[in-house]
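Student: Could you have a look at this structure, given as structure tokens, before my questions?
The values are calculated or read from the model by the stated rules, or taken from the named source; none is laboratory data. Because the structure is a prediction, the values reported are computed rather than measured. Reconstructed Cβ throughout: ideal geometry from the backbone, glycine too, with neighbour counts over all protein chains shown. Note: areas computed on protein heavy atoms with side chains; ligands, DNA, RNA excluded. Shrake-Rupley method; radii C 1.70, N 1.55, O 1.52, S 1.80 Å.
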Protein chains: 2
Amino acid sequence: MTYCVGMMMDRGLVLMSDTRTNSGVDNISVFRKMFSWHVPGERIITLMTAGNLATTQTVISQLEERMKEPDERQNTLFKSSTMFQVATEIGRLLRETVGERQEANNTRSKFTASIIVAGQIKGMEPRLFMVYPEGNFIEASPDTPFFQIGETKYGRPIILRGYDRSMSLEDAVKLTMVSFDSTLKANLSVGLPLDVMVIARDGFEPLFERRIMADDPYFQAISSSWGEALKTAFHSLPDYSFSAKYRA
Amino acid sequence: MTYCVGMMMDRGLVLMSDTRTNSGVDNISVFRKMFSWHVPGERIITLMTAGNLATTQTVISQLEERMKEPDERQNTLFKSSTMFQVATEIGRLLRETVGERQEANNTRSKFTASIIVAGQIKGMEPRLFMVYPEGNFIEASPDTPFFQIGETKYGRPIILRGYDRSMSLEDAVKLTMVSFDSTLKANLSVGLPLDVMVIARDGFEPLFERRIMADDPYFQAISSSWGEALKTAFHSLPDYSFSAKYRA
């Protein structure tokens with residue numbers, strides 16, 4: 001499994017992914033699911049992947065191969081003039097990769113994957129997309145300003161309650177850490193280390209990029225104090241009484 | 001979909017279920033998923049059901065039919081001498097019902113359901129079981145003192161963090177309400193009203209039984225104040241800093 005979150009904030013984009021892949025519960029590995037490229041002062045593009053690992057690695061490898069040939073016309077990440085074109089081309093690559101595997105194996109359900117595409121190109125707004133295995137995609141908006149892929153449910157309530165697009169980028173990282181902590185506690189197939197990428201609006205390079213290891217003191221502090229903080233929150237709510245006379 | 005929680009507490013059993021059933025998103029109904037029977041001073045048995053509605057209604061109807069014939073030898077709920085026998089017989093009924101439908105329709109994946117069985121018979125401990133569609137079941141223990149069926153994920157982190165078997169039964173109801181609130185906010189197919197049943201140890205009748213409607217003032221208070229309480233909890237955690245110097 002996987003858990004990735006991408007959030008659109010007033011001040012930029014905050015992205016976090018886990019690194020655990022598994023085939024069953026007895027075949028667990030660490031693989032990077034976050035990939036980022038930038039041209040200082042001009043563009044920054046970050047992807048996060050969930051789903052079949054062979055599929056997502058193929059997509060990423062194709063994107064990287066194109067970058068190594070400077071005259072390649074289809075250099076999606078560096079030559080596309082808008083983030084919309086980037087998402088379109090990644091969708092095309094993803095659909096092709098999934099389709100080839102499905103056709104070769106005469107199956108429809110396997111080999112699928114999803115990709116969160118985030119970034120900004122100079123002169124335009126930061127943008128955040130979720131690309132489906134069918135190659136189509138949706139874009140974050142003020143109504144739905146964050147995307148999750150993989151094991152999305154355990155970590156969703158705290159984001160629904162805590163997200164505020166005007167919050168600082170540091171607070172947004174803190175919020176995603178709490179969301180990851182809830183997920184890690186409930187699903188063994190989501191695991192540390194975590195990759196974090198923070199893209200400040202008009203920065204065109206990573207403002208903050210970090211691999212959070214299991215011994216990270218901040219993540220440990222969040223993980224150990226969130227339980228207590230939740231209990232305090234719980235006790236701050238009005239108490240229930242079995243008497244029928246309760247009025248809030 | 002469905003969401004039901006059954007919790008084993010030092011002081012008894014706390015059970016809560018939603019009442020929404022759906023076939024697609026455009027065919028939504030209210031059906032009771034919690035069923036309870038008791039013989040004052042002697043036994044109390046409560047079931048909660050998730051899964052195919054025709055299956056669970058058939059199981060419940062069979063249990064009720066047997067009770068209407070006072071000489072029925074197989075009066076599972078009133079004549080079984082232990083909760084283990086009750087769970088065994090419910091498992092048998094469930095497996096038979098699922099099996100008949102699957103056989104008649106030549107399919108394996110449909111018509112399944114799960115049932116939480118809770119109760120106490122005089123002279124014995126309160127017990128809590130989860131019965132699978134295959135007819136087998138597991139029992140709650142100090143290590144795993146609660147069961148969820150249906151849409152379990154959104155509401156799980158708060159129970160993992162907030163559950164304490166020594167808490168009051170009122171606090172246990174409050175905790176399940178917070179868990180339901182998180183689930184209702186995230187999944188349209190789980191819906192109000194909610195049914196609550198509280199079984200005090202050695203009570204042998206409902207200590208508290210209530211249908212929580214959408215206009216319930218306490219549930220509204222929990223729902224509206226939990227968001228603020230979570231934000232306060234979030235801000236009580238140490239702040240993150242992009243400086244590498246952080247030490248917890």
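Student: Being in contact with a Ser or Thr (Cβ under 8 Å, 6 or more places away or on another chain), more than 8 Å from chain A (Cβ to nearest Cβ) and modelled with pLDDT of 95 or more is the requirement here; does B:Asp202 meet it?
Tutor: No.
Student: Have a look at A:Thr56, A:Thr49 and point out the one that is touching a residue at least 40 places away in the same chain (Cβ under 8 Å) and part of a helix (DSSP H, G or I).
Tutor: So the residue among A:Thr56, A:Thr49 that is touching a residue at least 40 places away in the same chain (Cβ under 8 Å) and part of a helix (DSSP H, G or I) is A:Thr56.
Student: What residue, among those in segment A:168-183 that are of a type in the set (A, V, I, L, M, F, W, C), more than 16 Å from B:Lys231 (Cβ to Cβ) and buried (at least 23 other Cβ atoms within 10 Å of the Cβ), is nearest to the other protein chains (Cβ to nearest Cβ)?
Tutor: A:Val173
Student: Find the residue count for segment B:154-167, including only residues that are farther than 12 Å from B:Val5 by Cβ, in contact (Cβ under 8 Å) with a residue 60 or more places away in the chain and either at the interface with chain A (Cβ under 9 Å from one of its Cβ atoms) or of a type in the set (A, V, I, L, M) (or both).
Tutor: Number satisfying all stated conditions: 1.
Student: Among the candidates A:Thr76, A:Thr49, single out the residue that is in contact with a Cys (Cβ under 9 Å, 6 or more places away or on another chain), open to solvent by less than 10 Å² (accessible area, probe 1.4 Å) and of a type in the set (S, T, N, Q).
Tutor: When all the criteria are applied, what remains is A:Thr49.
Student: If I filter segment B:126-142 down to residues being open to solvent by 50 Å² or more (accessible area, probe 1.4 Å) and in contact with a Lys or Arg (Cβ under 8 Å, 6 or more places away or on another chain), which single residue comes out as farthest from B:Val86 (Cα to Cα)?
Tutor: Ranking the qualifying residues of segment B:126-142, first place goes to B:Pro142.
Student: I've got another one for you. Would you confirm whether any residue within segment B:207-220 is open to solvent by 60 Å² or more (accessible area, probe 1.4 Å), at the interface with chain A (Cβ under 10 Å from one of its Cβ atoms), more than 16 Å from the chain's Cα centre (by Cα) and of a type outside the set (Asp, Glu)?
Tutor: Checking segment B:207-220: at least one residue is open to solvent by 60 Å² or more (accessible area, probe 1.4 Å), at the interface with chain A (Cβ under 10 Å from one of its Cβ atoms), more than 16 Å from the chain's Cα centre (by Cα) and of a type outside the set (Asp, Glu).
Student: Filter segment B:1-27 down to residues that are open to solvent by 80 Å² or more (accessible area, probe 1.4 Å) and aliphatic (A, V, I, L, M) and give me whichever is farthest from B:Met197 (Cα to Cα).
Tutor: That would be B:Val25.
Student: Just checking, how many residues over segment B:1-27 are in contact (Cβ under 8 Å) with a residue 24 or more places away in the chain and under 16 Å from B:Glu151 (Cβ atoms)?
Tutor: Residues flagged as in contact (Cβ under 8 Å) with a residue 24 or more places away in the chain and under 16 Å from B:Glu151 (Cβ atoms) within segment B:1-27 amount to 14.
Student: Considering only segment B:1-29, state which residues are farther than 26 Å from B:Gly203 by Cα and hydrophobic (A, V, I, L, M, F, W, C).
Tutor: B:Met1, B:Val25, B:Ile28
Student: Okay, next question. Can you tell me how many residues in segment B:28-42 are in contact with a Ser or Thr (Cβ under 9 Å, 6 or more places away or on another chain) and either without any contact (Cβ under 8 Å) to a residue 40 or more places away in the chain or open to solvent by less than 50 Å² (accessible area, probe 1.4 Å) (or both)?
Tutor: 7
Student: Right, next: Residue by residue through segment B:221-248, note down the ones that are aliphatic (A, V, I, L, M) and either surrounded by 15 or more Cβ atoms within 10 Å (Cβ to Cβ) or more than 10 Å from chain A (Cβ to nearest Cβ) (or both). Steps first, answer last, please.
Tutor: Kept after step one, since they are aliphatic (A, V, I, L, M), are these residues of segment B:221-248: B:221-222, B:229-230, B:233, B:237, B:244, B:248.
If the condition is that a residue be aliphatic (A, V, I, L, M) and either surrounded by 15 or more Cβ atoms within 10 Å (Cβ to Cβ) or more than 10 Å from chain A (Cβ to nearest Cβ) (or both), then B:Ala221, B:Ile222, B:Ala229, B:Leu230, B:Ala233, B:Leu237 are the ones that fit.
Student: For B:Pro193, which of the numbered conditions (1) in contact with a helix residue (DSSP H, G or I) (Cβ under 9 Å, 6 or more places away or on another chain); (2) touching a residue at least 40 places away in the same chain (Cβ under 8 Å); (3) more than 7 Å from every other protein chain (Cβ to nearest Cβ); (4) over 30 Å from B:Gly123 (Cα atoms) fails to hold?
Tutor: Tallying (1) in contact with a helix residue (DSSP H, G or I) (Cβ under 9 Å, 6 or more places away or on another chain); (2) touching a residue at least 40 places away in the same chain (Cβ under 8 Å); (3) more than 7 Å from every other protein chain (Cβ to nearest Cβ); (4) over 30 Å from B:Gly123 (Cα atoms), B:Pro193 fails exactly one: (1).
Student: Can you name the condition, by its number, that B:Glu64 falls short on among (1) acidic (Asp, Glu); (2) open to solvent by 70 Å² or more (accessible area, probe 1.4 Å); (3) modelled with pLDDT of 95 or more?
Tutor: (3)
Student: Restricting to segment A:79-101, what's the tally of residues that are open to solvent by 80 Å² or more (accessible area, probe 1.4 Å) and either under 18 Å from A:Arg43 (Cβ atoms) or under 20 Å from the mean Cα position of the chain (by Cα) (or both)?
Tutor: 4
Student: Okay, next question. Can you find a residue that is of a type in the set (D, E, K, R), within 25 Å of B:Ile199 (Cβ to Cβ) and part of a strand (DSSP E or B) anywhere in segment B:113-122?
Tutor: Initial filter on segment B:113-122 (of a type in the set (D, E, K, R)): B:122.
Pick out the ones that are also within 25 Å of B:Ile199 (Cβ to Cβ) and you get B:122.
Pick out the ones that are also part of a strand (DSSP E or B) and you get none.
No, that holds for no residue.
Student: Can we say B:Ile121 is open to solvent by less than 40 Å² (accessible area, probe 1.4 Å) and over 16 Å from the mean Cα position of the chain (by Cα)?
Tutor: yes
Student: Name the residues in segment B:133-153 that are of a type outside the set (Val, Ile, Thr), within 14 Å of chain A (Cβ to nearest Cβ) and free of Cβ contacts under 8 Å to residues at least 60 places away in the same chain, would you?
Tutor: Of the residues in segment B:133-153, the ones of a type outside the set (Val, Ile, Thr) are B:133-137, B:139-143, B:145-148, B:150-151, B:153.
Still in the list and also within 14 Å of chain A (Cβ to nearest Cβ): B:146, B:148, B:150-151, B:153.
Matches in segment B:133-153: B:Lys153 only.
Student: While we're on this one: Hey, any hits in segment B:71-82 for a residue that's touching a Leu at 6+ places or on another chain (Cβ under 7 Å) and free of Cβ contacts under 8 Å to residues at least 24 places away in the same chain?
Tutor: Looking through segment B:71-82, at least one residue is touching a Leu at 6+ places or on another chain (Cβ under 7 Å) and free of Cβ contacts under 8 Å to residues at least 24 places away in the same chain.
Student: Condition test on B:Leu94, is it touching a Pro at 6+ places or on another chain (Cβ under 8 Å) and in a helix (DSSP H, G or I)?
Tutor: For B:Leu94, the condition - touching a Pro at 6+ places or on another chain (Cβ under 8 Å) and in a helix (DSSP H, G or I) - is met.
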